[in-house]
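The values are calculated or read from the model by the stated rules, or taken from the named source; none is laboratory data. All figures in this text were calculated on a predicted structure; none of them were measured in a lab. Cβ sites come from the backbone with ideal geometry, for glycine too, and all protein chains shown count toward neighbours.
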Amino acid sequence: MSDFDELQKASQDQSPTRSVKIESDALLKLVRRNHQAMKKLFFESYFLIAVFGAIYVPLWIWLGITGDLPWPWYLEIPAFLWVAGFLIANRIKKNRDHQQPGDSLRDSVEHSPALIDHQIRLQKKVL
């Protein structure tokens, strides 16, 4: 018998005499705190990308002029602006459907993985 089978048999043999009590208010506070920290981290990454996009445009123009580079060099400027604009627009759109303070614990717990999933898809698009 494998370890998994032994553990499964042992868990089935236990009587359900004990119950686990979870304080929903404390759990809700913890979920909201972690959710806010995650949103702050995502906002900081959006902000940094937008700032770097704004810095790179004048830098790219200056390098192109001083380095006497060919015209394809300047094609990256619209790409910088597109990525920065896309992230800002996405952030504004995502802020509309944010979590409300009166949401239930279930809504709060379901919203966090959805936010992470959205961030993963967004990073793939940016890449």
Here the residues within the range 50-90 that are over 24 Å from the mean Cα position of the chain (by Cα), surrounded by 11 or more Cβ atoms within 10 Å (Cβ to Cβ) and either among the polar types (S, T, N, Q) or in a loop (DSSP other than H, G, I, E, B) (or both) are L69
Pairs returned, first residue in the range 79-100 that is more than 19 Å from I116 (Cβ to Cβ) and at pLDDT 80 or above, second residue that is crowded, with 16+ Cβ neighbours inside 10 Å and hydroxyl-bearing (S, T, Y), beta-carbon separation under 8 angstrom, 6 or more apart or interchain, are F80/Y56
Out of (1) under 30 Å from S24 (Cα atoms); (2) among the charged types (D, E, K, R); (3) modelled with pLDDT of 80 or more, the one D68 does not meet is (1)
Check on D13, more than 19 Å from K125 (Cβ to Cβ), among the acidic types (D, E), surrounded by 13 or more Cβ atoms within 10 Å (Cβ to Cβ) and at pLDDT below 80
no
